[in-house]
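Shown next, in structure tokens, is the structure this report addresses.
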Amino acid sequence: MQPAVAFGRVLRRLRQKKGLTQEELGLDADLRRTFVSILELGQQQPTLTTILKLAKVLEVRPSKILELVEREIQELSPRGSINSLPPD
């Protein structure tokens, strides 16, 4: 699984758990709703600044988001390892 897709899946779960719409999350994090949608669809990867903004609104540590993304990749990767990611 690609990191952007894994991030999007994690972001959607955290947002829904918090009971926020994409628009509410975007407004609170100073991001456009369309950008939140693009992130959730895995069409773009977030910057560190974006992860920090999202974490603050979602009330989770940025490191927790990355931990969840790593777990998502491991669970859904054919080889079950983050090492199966393609090189940059």
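The residue pairs whose first member lies in the stretch 57-68 and is small (Gly, Ala, Ser) and assigned to a helix (DSSP H, G or I), whose second member is at pLDDT 95 or above and surrounded by 13 or more Cβ atoms within 10 Å (Cβ to Cβ), and whose beta carbons are closer than 9 Å, counting only pairs six or more residues apart or on different chains, are Ser63/Ala55.
Given the structure, is Glu24 surrounded by 14 or more Cβ atoms within 10 Å (Cβ to Cβ) and farther than 17 Å from Val5 by Cα? Full working, then the answer.
Details: surrounded by 14 or more Cβ atoms within 10 Å (Cβ to Cβ): yes; farther than 17 Å from Val5 by Cα: yes.
Yes; evaluated as a whole, the condition is true for this residue.
Do we find that Leu31 is assigned to a helix (DSSP H, G or I) and at pLDDT 95 or above in this structure? It is false that Leu31 is assigned to a helix (DSSP H, G or I) and at pLDDT 95 or above.
The values are calculated or read from the model by the stated rules, or taken from the named source; none is laboratory data. Just so we're clear, the structure is a prediction, and the values are computed from it rather than from any experiment. Positions of Cβ are backbone-derived with ideal geometry, glycine not excepted, and every protein chain shown enters the neighbour counts.
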